[in-house]
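Peer 1: So that we are looking at the same thing, I have put the structure below in structure tokens.
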Amino acid sequence: MHRTRVKICGITQAQDATAAVQLGVDALGLVFYAGSPRNIELDSAAEVLSVIPAFVTTVALFKDASVEQVEQVTNKLDFDLLQFHGSESAAFIQQFEHPYLKAIGMQDQIDLQSILSSYSQCCGFLLDSHVAGAAGGTGETFDWETIPPELRQQIILAGGINPDNVAECITRIKPYAIDVSSGVESSPGRKDQGKMKQLMKQVRLTDG
């Protein structure tokens with residue numbers, strides 16, 4: 001049986017993290033990018049992490065951050081994975097000696113296989129809508145059919161997924177995991193428990 005893993009990103013409040021965990025979410029993401037409305041400060045991030053139990057993966061998201069910015073987070077907080085949404089090279093990322101995900105903005109004529117091969121130590125690739133200057137959470141989808149069939153069960157699919165289209169997403173693509181942010185929000189950074197519950201219900205029904 002295929003089981004779609006679910007990551008909810010852009011968590012800014014401990015109560016939202018607790019609600020997501022109770023619904024059975026597999027991973028939670030916190031954004032450390034000042035350009036995002038979901039950006040979180042270190043003290044608030046520590047509060048969120050304090051309520052996340054074992055076996056729920058914690059992810060810190062960065063976009064074209066400096067070495068100092070990444071280390072400021074990783075030296076103070078304990079995350080399972082780092083996630084990079086910018087133009088970071090594999091060499092830049094690997095200097096942190098931490099498991100990581102690489103987000104790829106899906107554009108026309110993108111050579112996906114070439115990009116994947118250049119990040120040989122990456123734990124997983126997140127395919128997202130390409131919006132200049134954004135680090136996810138735009139609510140926009142991309143053409144899922146552009147994902148090569150042989151890669152679909154290896155990737156994390158993001159970009160505009162919500163309770164209304166998640167069943168179609170899983171049925172058509174069968175990704176290893178989905179990443180949802182704005183699709184389960186009442187406002188940027190504020191998760192809607194009803195939307196999260198409906199999303200998880202649809203995922204389970206579709207997985208069968």
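Peer 1: Only one of (1) within 17 Å of GLY24 (Cα to Cα); (2) β-branched (Val, Ile, Thr); (3) more than 17 Å from the chain's Cα centre (by Cα) is not met by ILE178, so which one is it?
Peer 2: Going through the list (1) within 17 Å of GLY24 (Cα to Cα); (2) β-branched (Val, Ile, Thr); (3) more than 17 Å from the chain's Cα centre (by Cα), ILE178 breaks only (3).
Peer 1: Same structure again: Name the one entry in SER66, SER50, SER44 that is among the polar types (S, T, N, Q) and within 16 Å of HIS85 (Cα to Cα).
Peer 2: None of the others qualify; the one that does is SER66.
Peer 1: Sort out which residues of region 141-174 are of a type in the set (S, T, N, Q) and in a helix (DSSP H, G or I), and write them in order of number.
Peer 2: THR146, GLN153, GLN154, THR171
Peer 1: Oh, and also: Evaluate region 3-12: report whether one residue or more is more than 27 Å from ALA167 (Cα to Cα) and in contact with a strand residue (DSSP E or B) (Cβ under 7 Å, 6 or more places away or on another chain). Talk me through it step by step, then tell me what you get.
Peer 2: In the first step, residues of region 3-12 are kept if they are more than 27 Å from ALA167 (Cα to Cα); the result is none.
Within region 3-12, not a single residue is more than 27 Å from ALA167 (Cα to Cα) and in contact with a strand residue (DSSP E or B) (Cβ under 7 Å, 6 or more places away or on another chain).
Peer 1: Quick test for you: out of PHE55, PHE32, pick the one residue that is of a type in the set (Phe, Trp, Tyr) and surrounded by fewer than 21 Cβ atoms within 10 Å (Cβ to Cβ).
Peer 2: Testing whether each residue is of a type in the set (Phe, Trp, Tyr) and surrounded by fewer than 21 Cβ atoms within 10 Å (Cβ to Cβ) leaves just PHE55.
Peer 1: A further question on this structure: List pairs: first in region 57-73 and farther than 17 Å from ALA91 by Cβ, second assigned to a helix (DSSP H, G or I) and not aliphatic (A, V, I, L, M), Cβ under 9 Å, 6+ apart or cross-chain?
Peer 2: Listed by first residue and then by second, the contacts come to ALA60/THR74.
Peer 1: Please determine, by comparing only the residues of region 71-88 that are within 16 Å of ALA34 (Cα to Cα) and touching a helix residue (DSSP H, G or I) at 6+ places or on another chain (Cβ under 9 Å), which one is surrounded by the fewest Cβ atoms within 10 Å (Cβ to Cβ). So that I can check it myself, show each step before the final result.
Peer 2: Filtering region 71-88 down to residues within 16 Å of ALA34 (Cα to Cα) leaves 71-73, 83-86.
So of that shortlist, the ones also touching a helix residue (DSSP H, G or I) at 6+ places or on another chain (Cβ under 9 Å) come out as 72-73, 84.
Details: GLN72: 14, VAL73: 19, PHE84: 26.
The residue in question is GLN72.
Peer 1: Consider region 89-131. How many of its residues are aliphatic (A, V, I, L, M), outside any helix (DSSP H, G or I) and buried (at least 17 other Cβ atoms within 10 Å of the Cβ)?
Peer 2: Count: 6.
Peer 1: Right, another one. Pairs please, first residue from region 177-200 and surrounded by fewer than 17 Cβ atoms within 10 Å (Cβ to Cβ), second anywhere and hydroxyl-bearing (Ser, Thr, Tyr), Cβ atoms under 8 Å, 6+ apart in sequence or on different chains.
Peer 2: Close Cβ pairs satisfying both conditions: PRO188/SER182; ARG190/THR12.
Peer 1: Shifting gears a bit: Only one of ALA45, ALA20 is under 18 Å from ALA158 (Cβ atoms) and either crowded, with 17+ Cβ neighbours inside 10 Å or modelled with pLDDT under 95 (or both); which?
Peer 2: None of the others qualify; the one that does is ALA20.
Peer 1: Filter region 1-17 down to residues that are part of a helix (DSSP H, G or I) and either crowded, with 21+ Cβ neighbours inside 10 Å or touching a residue at least 40 places away in the same chain (Cβ under 8 Å) (or both), then give me how many there are. Don't jump to the end; show me each part of the working.
Peer 2: Narrowing region 1-17 to residues part of a helix (DSSP H, G or I): 14-17.
Cutting the leftovers down to either crowded, with 21+ Cβ neighbours inside 10 Å or touching a residue at least 40 places away in the same chain (Cβ under 8 Å) (or both) gives us 16-17.
Here the count works out to 2.
Peer 1: With the checklist (1) on the phi > 0 side of the Ramachandran plot; (2) buried (at least 17 other Cβ atoms within 10 Å of the Cβ) in hand, flag the one item ASP26 doesn't pass.
Peer 2: (1)
The values are calculated or read from the model by the stated rules, or taken from the named source; none is laboratory data. Note that this is a predicted model, so its numbers are computed, not measured. Note that we place each Cβ from the backbone using ideal geometry, even for glycine, and neighbour counts take in every protein chain shown.
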